[in-house]
């Protein structure tokens, strides 16, 4: 019988976790394999703290300039309190760079492995803000990008015993920087099949008599989301029976105001339905009602290494998809045969959507998508693979 293992993990996201790659993977699947995780991080305001995967150790409140400034100190104190509750088998940091340096030192002193989980290219995000954000903050973002690049790529990652990354493309990028392949483990985004099984198509009178194409997720400048508005106008010109649904919203008030102003300016009534934020199962209800799912993710340093959840959720619900050609989406579409992968241009998406809407094999494509996700991207499957990587590191002589 394999012995139980424990991970002490510092998160960038607020507690309790809501992202499926933490909530489902670490809270449900890894405990089935005898791996439990204590989480340290800032707590979201007025949210009850509950965590099925182990223990929670809040280290202050999430959000606000003062909390951000004090976060490294609070995180360090939170790690110390959590360690006093019991020595873990490894110390892990997810998407935090400054405190990762301190955690790396602590792991060396405790003589336990240090693991880094990189779900987003934080350094490249700072660089993108320097190029496209407010001019008065450009120098600050540039300096932050340079400093964090030195810490992450020269100090933290080369000394980590194991680095989990978002995609094979991210592993390729880090290997190109000199990190050993054997210490890189790609964990793409997956689907909670238990949640998907509970989803039912939404009953919304605004969809009656329309062919529905859906985009489920965040919108914003970095995602080039005005593409969706251009696409809605182009689709209406050639297929007036088609309605584009955006089931989601922008992550910040400023981005939301920008997007809504553009919606109002274009007068897209009857061409596009913008729902705003919905509960996850409600958003998936619009996907289940749709004829085609859309995954237009722009190419570039930020998103080429990503693994979008929306595409695998479409396929899990039996909805064929049109996806842009970032590496992970190209792999999903090619292996599943459940849609089309094209460059992110309005003509290419229009043609691919029309072809899928008129495809007599569309239902068969949807069935292939469901089967492929069940075999390759369910969190049960991903959880087994991740558990094996932890056990090979933390209990190498285990039978």
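Got a number for residues in region 229-267 being in contact with a strand residue (DSSP E or B) (Cβ under 7 Å, 6 or more places away or on another chain) and either loosely packed, with under 14 Cβ neighbours inside 10 Å or over 22 Å from residue 344 (Cα atoms) (or both)?
So the count comes out to 1.
Looking only at residues in region 104-121 that are buried (at least 18 other Cβ atoms within 10 Å of the Cβ) and under 18 Å from the mean Cα position of the chain (by Cα), which one is modelled with the lowest pLDDT?
Filtering first and then ranking leaves 121.
What single numbered condition from (1) loosely packed, with under 15 Cβ neighbours inside 10 Å; (2) closer than 23 Å to residue 267 by Cα fails to hold for residue 213?
(1)
Matching residues to (1) touching a strand residue (DSSP E or B) at 6+ places or on another chain (Cβ under 9 Å); (2) surrounded by fewer than 18 Cβ atoms within 10 Å (Cβ to Cβ); (3) closer than 27 Å to residue 108 by Cα:
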position	(1), (2), (3)
151	no, yes, yes
155	no, yes, yes
175	yes, yes, yes
179	yes, no, yes
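Suppose we filter 58, 16, 52 for residues that are surrounded by 19 or more Cβ atoms within 10 Å (Cβ to Cβ) and over 29 Å from residue 111 (Cβ atoms); which single one remains?
After ruling out the rest, the residue left standing is 16.
Restricting to region 79-103, give me the number of residues that are outside any strand (DSSP E or B) and within 25 Å of the chain's Cα centre (by Cα).
Going through region 79-103 one residue at a time, the tally reaches 9.
Within region 30-42, track down each residue that is assigned to a helix (DSSP H, G or I) and touching a strand residue (DSSP E or B) at 6+ places or on another chain (Cβ under 9 Å).
Passing the criteria: 30, 31.
The values are calculated or read from the model by the stated rules, or taken from the named source; none is laboratory data. Since the model is a prediction, treat every value here as computed from it, not as a measurement. So basically every Cβ, Gly included, is an ideal-geometry build from the backbone, and we count neighbours across all protein chains shown.
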